[in-house]
Amino acid sequence: MPDRRIAAGAPSGKVLSIIHTEASLGWGGQEIRILTEAAGMVRRGHRVSLVCPPEARIFSEALRRNLPVAALAVGRKNLAGLLALRRWLKAHPADVVNTHSSTDSWLAALARLGLAKPPALVRTRHISAPIPDNAPTRWLYQKAAAHIVTTGENLRQQLIRDNGYRADTITSVPTGIDTDLFVPGEPLEARRRLGIESGGIIVGIVATLRSWKGHRYLIEAFAGMPDKRAKLLIVGDGPQRASLERQVAESGLTGRVLLPGNQREVLPWLQAMDIFVLPSYANEGVPQAILQAMLCALPVVTTPVGSIPEAVTDGETALIVEPKNAPTLGAAIERLGNDPGLRESLGRSARARALQRFGLDAMLDKMETVFLNVVDHG
């Protein structure tokens, strides 16, 4: 069997037809990566389309970005979704179908069976949640899928170690960020534009309000900070919003903690911050928000979860603390708040690291090579 590992390299001039599928109705880094990658491939001359449920946020966002998108009932693992996707694939022949969540991966794997010219299936894993170790799942990942992409090397090693998947069938491709867009700014000007008044440090997080992002530990840590002029920006929305709003009120932090919801443009919010925090305790690849914060030259406080340590190094580009530990988290934030020199040095090093390793072109080059390889060896 030929070696299916993918090495980074210059893409060929071959034009590919690529279909992305996404069953999730949520909105976060995963969905943003799909759209960013799709747009990048379109710019490189490939034919790209997205298949997703009509009620999914990614559907409306794809339309807004002028990306080809088809609304299909692929949000659940059922016969209707399977047949709809099969009909669509039959009517829209492609070289590659790149799946992103469990439901659409199963639907695509089954829908392509029996097609005269089935597209090669590439399964992208965005998070570090465990994969079931059973025969059907092994078939999906090691037989149906021509290749697996993970968003970090730790995720790749997890599949090799815990699931016994062949190393040559898996490639790590961290998410790439637009290095021309995410740049350092003037915090006072950004705060003025956003209407934020603060005479103290501004701590912030950009993340979907899901439990495992660790927002409640951040609020608990912030409540214990001695600087009562400080403010906390919680940018994003999600299922934990009501719970977090109650915690803010019960902690006496109303007015000091701002929850502006989802923001189409997060750059000014990042530029308004002095310290970026992501206290996740599960399910992380290499989070886009951390990379965006690094490019904005922000010092980062985070945890060693998933592939986060592939982006940051404790004491060099960030402070890394134990997950689910509000006192330790608070101590790290307070340390940075009291040391402008450390904030500046960590932020400067973080930006240099992100520019070197996490640019958009690097991601597109690697994904293009993955797609070309599975087509050439299919």
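The values are calculated or read from the model by the stated rules, or taken from the named source; none is laboratory data. Just so it is clear, the structure is predicted and the values come from calculations on it, not from any experiment. Please note: Cβ atoms are built from the backbone with ideal geometry, for glycine as well, and neighbour counts cover all protein chains shown.
Checked against the criterion of being more than 13 Å from the chain's Cα centre (by Cα), outside any strand (DSSP E or B) and in the same structural domain as ALA326 (by TED's automatic domain parsing), the candidates VAL286, VAL305, VAL301 yield just one match: VAL305. Total residues in segment 151-186 satisfying the condition of being in contact (Cβ under 8 Å) with a residue 24 or more places away in the chain, of a type in the set (A, V, I, L, M, F, W, C) and surrounded by fewer than 20 Cβ atoms within 10 Å (Cβ to Cβ): the figure is 3. Annotation: of all residues in segment 185-225 being of a type in the set (A, V, I, L, M) and either part of a loop (DSSP other than H, G, I, E, B) or touching a Lys or Arg at 6+ places or on another chain (Cβ under 6 Å) (or both), the one that is farthest from GLY252 (Cα to Cα) is ALA207. Strands (runs of 3 or more DSSP E) fully within segment 25-122 that include at least 3 residues being modelled with pLDDT of 95 or more, of a type in the set (Val, Ile, Thr) and surrounded by 19 or more Cβ atoms within 10 Å (Cβ to Cβ): 96-99.
The combined condition, being within 20 Å of ASN283 (Cα to Cα), at pLDDT 95 or above and surrounded by fewer than 18 Cβ atoms within 10 Å (Cβ to Cβ), is not fulfilled by ARG246. Within segment 309-335, the set of residues being part of a helix (DSSP H, G or I) and either touching a residue at least 60 places away in the same chain (Cβ under 8 Å) or among the small types (Gly, Ala, Ser) (or both) comprises PRO309, GLU310, ALA326, PRO327, LEU329, GLY330, ALA331, ALA332, ILE333, GLU334.
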